[in-house]
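**Q** Before anything else, here's the structure in question.
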Amino acid sequence: MYMYAFQGGVYVFQLVDWYLGAVACYVIAVLECVAVGWCYGAERFSADVQMMIGKRLPVIYKVVCFIIVPALLTIALVLTLASYKPPRYGEYDYPTSAIVFGWFIALVSVVPVPVYMVIQILKMEGSLAQRIKASVMPAHEWLRSRRQHGLADKQESISAKDNFLFMIGR
């Protein structure tokens with residue numbers, strides 16, 4: 001915070017905004033939508049919301065949050081990266097070291113997500129397919145809480161086809 005208040009603060013702010021806002025935010029938002037809508041499952045998520053607030057998610061919410069938003073954000077990220085130009089502030093061109101630092105800023109908030117995912121999958125027992133399948137299942141504590149609220153959950157994962165059909169209200 002204090003680094004923005006000094007003489008070069010506007011340059012640091014420009015660098016952070018250029019890389020964090022243009023790369024990391026898109027990637028994290030897409031990962032969240034995909035993790036909740038496609039890995040955890042829109043049906044489970046909708047049932048969880050119903051358990052918490054008493055209403056299921058409307059179909060439009062599921063379609064927008066789990067299909068349209070990730071697609072649009074992915075397109076925006078690809079277009080942003082395709083039209084990438086090194087940052088400038090007025091007439092000042094940032095040096096290569098600042099550009100490398102900018103990419104570091106962008107990646108430092110994104111890389112921990114897949115790294116943590118891989119670590120958790122490696123810690124589990126079973127074949128790779130079993131570990132991946134188990135990693136997208138709700139925790140046992142959450143399943144217990146769901147049962148207490150009258151929500152049964154299938155132990156097997158929901159297929160992508162069934163998940164998509166649920167999202168569009170079929």
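The values are calculated or read from the model by the stated rules, or taken from the named source; none is laboratory data. On a predicted model such as this, the values are computed, not experimentally measured, just so you know. Ideal geometry is used to build each Cβ from the backbone, glycine not excepted, and the neighbour counts take in all protein chains shown. Each accessible area value is taken on the protein alone, full model and side chains, heavy atoms only, with ligands, DNA and RNA left out. Shrake-Rupley method; radii C 1.70, N 1.55, O 1.52, S 1.80 Å.
Each row is one residue, and each column tells you yes or no for (1) of a type in the set (Lys, Arg); (2) at pLDDT below 85; (3) touching a Pro at 6+ places or on another chain (Cβ under 6 Å); (4) more than 30 Å from residue 165 (Cα to Cα).
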site: 1; (1), (2), (3), (4): no, yes, no, yes
site: 60; (1), (2), (3), (4): no, no, no, no
site: 75; (1), (2), (3), (4): no, no, no, no
site: 80; (1), (2), (3), (4): no, no, no, yes
site: 95; (1), (2), (3), (4): no, no, no, yes
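**Q** Among 26, 11, which is modelled with pLDDT of 85 or more, hydroxyl-bearing (Ser, Thr, Tyr) and open to solvent by 50 Å² or more (accessible area, probe 1.4 Å)? Step through it out loud before you land on a result.
**A** Details: 11 fails: modelled with pLDDT of 85 or more.
Within the list 26, 11, the selection yields 26.
**Q** Restricting the first residue to segment 143-168 and requiring it to be more than 21 Å from residue 66 (Cα to Cα) and open to solvent by less than 60 Å² (accessible area, probe 1.4 Å), which pairs with a second residue that is at pLDDT 70 or above and of a type outside the set (Gly, Ala, Ser) meet a Cβ separation below 7 Å and a spacing of at least six or different chains?
**A** Every condition considered, the pairs that remain are 146/51; 151/51.
**Q** Out of segment 36-62, which residues are open to solvent by less than 50 Å² (accessible area, probe 1.4 Å), closer than 28 Å to residue 116 by Cα and either of a type outside the set (D, E, K, R) or not in a helix (DSSP H, G or I) (or both)?
**A** Initial filter on segment 36-62 (open to solvent by less than 50 Å² (accessible area, probe 1.4 Å)): 36-37, 40-42, 44, 46-49, 51, 57, 62.
Still in the running and closer than 28 Å to residue 116 by Cα: 36-37, 40-42, 44, 46-49, 62.
36, 37, 40, 41, 42, 46, 47, 49 - these are the residues of segment 36-62 that are open to solvent by less than 50 Å² (accessible area, probe 1.4 Å), closer than 28 Å to residue 116 by Cα and either of a type outside the set (D, E, K, R) or not in a helix (DSSP H, G or I) (or both).
**Q** If I filter segment 137-170 down to residues being at pLDDT 75 or above and of a type in the set (A, V, I, L, M, F, W, C), which single residue comes out as farthest from the chain's Cα centre (by Cα)? Don't jump to the end; show me each part of the working.
**A** First, pick out the residues of segment 137-170 that are at pLDDT 75 or above: 137-148.
Within this subset, residues satisfying the condition of being of a type in the set (A, V, I, L, M, F, W, C) are 137, 139, 142-143.
Details: 137: 17, 139: 19, 142: 21, 143: 23 Å.
If we take residues in segment 137-170 being at pLDDT 75 or above and of a type in the set (A, V, I, L, M, F, W, C), then 143 is farthest from the chain's Cα centre (by Cα).
**Q** With the requirement that a residue be touching a Ser or Thr at 6+ places or on another chain (Cβ under 9 Å) and either open to solvent by 50 Å² or more (accessible area, probe 1.4 Å) or touching a residue at least 40 places away in the same chain (Cβ under 8 Å) (or both), what does segment 109-133 give you? Spell out how you get there, then give the answer.
**A** First, pick out the residues of segment 109-133 that are touching a Ser or Thr at 6+ places or on another chain (Cβ under 9 Å): 117, 120-121, 124, 133.
Scanning segment 109-133 gives 117, 120, 124, 133.
**Q** Is it true that some residue in segment 86-95 is open to solvent by 80 Å² or more (accessible area, probe 1.4 Å), out of contact with any Gly (no Cβ under 7 Å at 6 or more places or on another chain) and part of a helix (DSSP H, G or I)? Write out each step before concluding.
**A** Taking segment 86-95 as the starting set, the residues that turn out to be open to solvent by 80 Å² or more (accessible area, probe 1.4 Å) are 88-89, 91-93.
Then drop every residue that is not out of contact with any Gly (no Cβ under 7 Å at 6 or more places or on another chain), which leaves 88-89, 91-93.
With the extra rule that they be part of a helix (DSSP H, G or I), the set shrinks to none.
Within segment 86-95, not a single residue is open to solvent by 80 Å² or more (accessible area, probe 1.4 Å), out of contact with any Gly (no Cβ under 7 Å at 6 or more places or on another chain) and part of a helix (DSSP H, G or I).
**Q** Can you pull out the residues in segment 96-108 that are open to solvent by 70 Å² or more (accessible area, probe 1.4 Å) and either under 30 Å from residue 36 (Cβ atoms) or under 25 Å from the mean Cα position of the chain (by Cα) (or both)? Can you show your working first?
**A** First pass over segment 96-108, keeping only residues open to solvent by 70 Å² or more (accessible area, probe 1.4 Å): 96-97, 100-101, 103-104, 107-108.
Across segment 96-108, the qualifying residues are 100, 101, 103, 104, 107, 108.
**Q** With the structure loaded, tell me whether residue 72 is surrounded by fewer than 17 Cβ atoms within 10 Å (Cβ to Cβ) and under 25 Å from residue 106 (Cβ atoms) or whether it fails that test. First the steps, then the outcome.
**A** Working: surrounded by fewer than 17 Cβ atoms within 10 Å (Cβ to Cβ): yes; under 25 Å from residue 106 (Cβ atoms): yes.
It is true that residue 72 is surrounded by fewer than 17 Cβ atoms within 10 Å (Cβ to Cβ) and under 25 Å from residue 106 (Cβ atoms).
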